[in-house]
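S.K.: Quick one: this structure, given as structure tokens, is what I'll be asking you about.
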Amino acid sequence: MRTRLFSTLSGLLLSIAAAVLAVAPGAQAATGLDAAADSLRQGPVYVDQRARDQLPPREADALEEKILDAGKPVFVAVLPQTAEFPEDGLLADLRTKTGITGVYAVRLGDAFDAGADSVVMSRQAVANLTASVEPAGGLDAVTQLNTFVDDALDQARGSAPNTWDGAGQGPSSVVGLVTFGLVLVAGAAGVFLVAKRNRRRRAALERAALEKVRVVVDEDITAFGETLERLDFHPAEPGADDAMRADYERALDAYERAKSAMAKATEASDARAVTEALEDGRFSLAVLAARREGKPLPERRPPCFFDPRHGPSTADVDWAPAGGTTRRVPVCAADATRLAEGQDPMSRMVETANGRRPYWEAGPAYAPWIGGYYGGGLLPGLLMGTMLGSMLSTPAYADSGMSGYEGGDFSGGDFNAGDFGGGGDFGGGFGGGDFGGGGF
């Protein structure tokens, strides 16, 4: 405990020293996008001194307070239209340097553009919001930014980053900063209270995510249990052999593992073990059915893409989500027939901020649930271009199998640059205030 306390205080002193040096006369200050990113990590609004006529300090403070009160990861930068801020790649570069998942809005001179990580807001939503604040003739910066922020706060998922704690309350001078640092060192308990509050906040978010995903997981467990109850197989029935009994036992064991894993779940990522067990159980039943009917044993295929409760897939078909590109997905026989007849598949619907939607349009809490059914690197390809797909394709998810980033999380450069125009061109750039709908 003593060592941990010493390490924490040492780290605090180093942070204070670094902060003092950063504002002290003669210190080398960050410039350009580096300065904007440094500021946005500490608070939601950054206004370059050369652009203060666009968003004066009073209006900037009010806008920042609005975002802080809402507790959403919405970032605003107001920059002068100079060679220091090239139009191409500006949003993606700012997102990379800031390193936090969220919605980013930039006023560059008289022009405006925005982008967002898909786990926070869909591309279409950003495009619509951007278009709504770009009327013919343009808007002044104060009106435009406030209108965009108001709408973004209503729709953005996730929460404000921990680095914003205390934003707008810090000292504005070297003397004030040193005094503030000394107070923190003298009252180290305050530091631990803040850390404890942040841990509680993160735990509350994790509990909320678990309760959201628990609904669909419990439905899956119930559906599999009902399948077992309807199964007209008894280990002692005539014709039953050891292989059939082993298949049946594996299915029962999978059911028990799923129930046990969900009972022990403490966070949304624990749902992965549940659906892995259910997938194994459904395949065991498919093998059992083939043995009883004297058919060739089925190959191990992923569950039906549209709803894993449909059981193992029987074919791969071409399909495209609304507004997305075509990809081949594994489907059950019933959904294959529906698609061939021009009908919609029986898709799994879950609760989202916009009502019940197909699971691939849901937030990151559902990622471990659906990931347990597919595993490996299959799912990101199936979900490319969807909200879940953009998050599942990150190295963090692939490496850990966890639920990935949420709004307000620090991800550094680990994000889908396509959400911010691919790091190069945002639908025409910042010329004349027309960005082609959010830069996508």
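S.K.: I'd like the residue in segment 150-166 that is charged (D, E, K, R) and either assigned to a loop (DSSP other than H, G, I, E, B) or at pLDDT 90 or above (or both) and, out of all such residues, is surrounded by the most Cβ atoms within 10 Å (Cβ to Cβ).
M.R.: Just the residues of segment 150-166 that are charged (D, E, K, R), to begin with: 150-151, 154, 157, 165.
Among the residues that remain, those that are also either assigned to a loop (DSSP other than H, G, I, E, B) or at pLDDT 90 or above (or both) are: 150-151, 157, 165.
On the way: 150: 13, 151: 15, 157: 25, 165: 15.
Among them, the one singled out is 157.
S.K.: Hey, another quick one. Can you tell me which of (1) at pLDDT below 95; (2) open to solvent by 20 Å² or more (accessible area, probe 1.4 Å) is the one residue 47 doesn't meet?
M.R.: The failed condition is (1).
A quick yes/no check of all residues on (1) part of a helix (DSSP H, G or I); (2) in contact with an Asp or Glu (Cβ under 8 Å, 6 or more places away or on another chain):
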position	(1), (2)
59	yes, no
64	yes, no
83	no, no
93	yes, no
106	no, yes
127	yes, no
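S.K.: Taking residue 346 and the conditions (1) assigned to a helix (DSSP H, G or I); (2) open to solvent by 80 Å² or more (accessible area, probe 1.4 Å), which numbered condition does it fall short on, given that it satisfies the others?
M.R.: (1)
S.K.: Continuing with this model, one more query. I'm checking my understanding of the structure. Among residues of segment 62-92 that are open to solvent by 60 Å² or more (accessible area, probe 1.4 Å) and over 24 Å from residue 155 (Cβ atoms), which one is farthest from the chain's Cα centre (by Cα)?
M.R.: Selected residue: 83.
S.K.: Need the failing condition index for residue 198 against (1) at pLDDT 90 or above; (2) open to solvent by less than 40 Å² (accessible area, probe 1.4 Å); (3) within 33 Å of the chain's Cα centre (by Cα), just the number.
M.R.: It fails just one condition, (1).
S.K.: A further question on this structure: Suppose we keep only residues that are touching a residue at least 60 places away in the same chain (Cβ under 8 Å) and farther than 14 Å from residue 210 by Cα within segment 351-360. Which one would you say is most open to solvent (accessible area, probe 1.4 Å)?
M.R.: Filtering segment 351-360 for residues touching a residue at least 60 places away in the same chain (Cβ under 8 Å) gives 351, 353, 359.
With farther than 14 Å from residue 210 by Cα added as a condition, the list becomes 353, 359.
Working: 353: 84, 359: 0 Å².
The residue in question is 353.
S.K.: Checking the conditions here, which among 270, 280, 307 is surrounded by 16 or more Cβ atoms within 10 Å (Cβ to Cβ) and closer than 19 Å to residue 233 by Cβ? Break it down into steps so the answer makes sense when it comes.
M.R.: Details: 270 fails: closer than 19 Å to residue 233 by Cβ; 307 fails: closer than 19 Å to residue 233 by Cβ.
280 is the lone residue from the list that is surrounded by 16 or more Cβ atoms within 10 Å (Cβ to Cβ) and closer than 19 Å to residue 233 by Cβ.
S.K.: If you don't mind, another one. When only residues in segment 317-338 that are in a helix (DSSP H, G or I) and under 14 Å from residue 307 (Cα atoms) count, which is least open to solvent (accessible area, probe 1.4 Å)? Steps first, answer last, please.
M.R.: Our first condition is that a residue be in a helix (DSSP H, G or I); within segment 317-338, this holds for 333-338.
Applying the additional criterion that residues be under 14 Å from residue 307 (Cα atoms) yields 333-336, 338.
On the way: 333: 58, 334: 64, 335: 1, 336: 26, 338: 68 Å².
The qualifying residue least open to solvent (accessible area, probe 1.4 Å) is 335.
S.K.: Please go through segment 130-149 and pick out each residue that is open to solvent by 10 Å² or more (accessible area, probe 1.4 Å) and in contact with a Ser or Thr (Cβ under 9 Å, 6 or more places away or on another chain).
M.R.: The answer is 132, 139, 147.
S.K.: Further question: Quick test of your reading of the structure: residue 289 fulfils all but one of (1) within 19 Å of residue 226 (Cβ to Cβ); (2) in contact with a strand residue (DSSP E or B) (Cβ under 9 Å, 6 or more places away or on another chain); (3) open to solvent by 10 Å² or more (accessible area, probe 1.4 Å); (4) small (Gly, Ala, Ser). Name the failing condition by number.
M.R.: So the condition that residue 289 fails would be (2).
S.K.: Inside segment 110-123, can you point out the residues that are open to solvent by 10 Å² or more (accessible area, probe 1.4 Å) and over 19 Å from residue 386 (Cα atoms)?
M.R.: Passing the criteria: only 110.
The values are calculated or read from the model by the stated rules, or taken from the named source; none is laboratory data. Predicted model only: the values in this text are computed from it and were never measured. Don't worry about glycine lacking a Cβ; one is built from the backbone with ideal geometry, like all the others, and counts go over all protein chains shown. To get the accessible areas, we keep the full protein, side chains included, count just its heavy atoms, and leave off ligands, DNA and RNA. Shrake-Rupley method; radii C 1.70, N 1.55, O 1.52, S 1.80 Å.
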